[in-house]
1. For the chain, with a Gaussian network of springs between Cα atoms less than 10 Å apart, report the residue from Leu177, Leu185, Leu205 with the top mean-square fluctuation.
2. For a quick check of your reading of the filter: which trypsin sites (Lys or Arg not before Pro) in segment 63-123 sit in a DSSP loop and have no more than 16 other Cβ atoms within 10 Å?
3. Please state the equivalent ellipsoid semi-axes for segment 98-192: what are the square roots of 5 times the Cα gyration tensor eigenvalues, largest first, in whole Å?
4. What is the dipole size for segment 82-222, taken about its Cα centre, with +1 at each Lys and Arg Cβ and -1 at each Asp and Glu Cβ, in debye to the nearest 20?
5. For the chain, what is the Kirkwood estimate of the hydrodynamic radius, computed as the reciprocal of the mean inverse distance between distinct Cα atoms, to one decimal in Å?
6. Give Lys166/Lys212; Lys157/Lys212; Lys34/Lys157 a once-over and call out the pairs whose C-alpha atoms are over 19 Å from each other.
7. Along each of the three principal axes of the Cα atoms of segment 1-112, give the extent in whole Å, ordering the values from largest to smallest.
8. Per DSSP H run of at least 4 residues, take -39500 (n - 2.57); add these up for the chain, divide by its residues and hand me the 222 nm value, nearest 500 deg cm²/dmol.
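Just so it is clear, none of the values below were taken in a lab; they were calculated from the coordinates. Quantities reported herein were computed from a predicted structural model and do not represent experimental measurements. Positions of Cβ are backbone-derived with ideal geometry, glycine not excepted, and every protein chain shown enters the neighbour counts.
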Amino acid sequence: MQLTPITEYPLFNSLSEEEQTIVRSATVQRTAKKHEYVFREGDDARHVYFVAAGEIKLGNHGADGREIIVNVLRPNAMFGQLAITGERERNSFAQSLDSSTVVYQLPIHTLQRVMQANFSLCQLVLQNMGQQLQLAQMRLSNVVSLDARARIINFLKESVASRGRKVGLEFLIRHSLTHQDIANLTCTSRQTVTLVLNELRKSNLIYFNRGKILVRDVGALA
C-alpha cells in the first residue's frame, strides 16, 4: 500500500525543511484492524492523528450506551486535535471502519512546538478545527429541524459531495458503513435507514449493495 508521507499533507504545506524533519521523526505509523479503537473515551489525550488509509469513525456513547457517530474520516483528515486546546482525557472515540486502516500518530507537544514557530500552520489548524465545529453544528441543527427521512437523504447528498465518483450521470459512493452506522450518524434507527434506502431503491433513485451506493439522480433526492 502506497501511503502519502505526513509532511505532504495539505496541512503541512508551509513547513520548512527543518520543521518537516521534526514532524517526520516524531510521527509513528499505526495500523488498525476493523472495529479496532485508535482511542476511547477516557484515554489520555497525548497525540493528534491523521488518516493515512482506510476510514475512521468519530463519536460518543450516550448515557444509555448508544453510539452516536459525529463524523467519518478518510485519508488526509486530522482527528484528536482537541488535545491542542488542553483536552487531557478523550471525550470521544475513534474507531477503524475497515481492515486496511492506517493512521499517523504525532505527539501533541511536537505539533505545538512547530505551531509556535509557524504562523501559517497555526492558521490551518484553527481553520480545520473551525470546519469540524461548523459540521457538528450543522448536524445538530439537522437533528432538530429535519425528520428522519430527510436526515438520511442529507447523508446521501453529503456523501456524494465528499466522496462520490461520477459514473456517467450517476455517482458511486464507496463506504465501510453498516446500516446501523448510518443510523448512528443520522440519529435515526437501523430499521428506518433500511426502510428509506429500500424506498429510494424502489423509486430507482439509488441502488446499493454492501460497501457501495449508486445515486442515480442527486437532484431528484427529496
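1. Maximum fluctuation in the GNM of the chain, among the listed residues, is at Leu205.
2. Of the trypsin sites (Lys or Arg not before Pro), the ones in loops of segment 63-123 whose Cβ has at most 16 other Cβ atoms within 10 Å are Arg66, Arg88.
3. Whole-Å semi-axes of the equivalent ellipsoid: 32, 18, 15.
4. Rounded to the nearest 20 debye, it is 320 debye.
5. 18.7
6. Lys34/Lys157
7. For segment 1-112, the Cα extents along the three principal axes come out at 49, 33, 18 Å.
8. -12000 deg cm²/dmol
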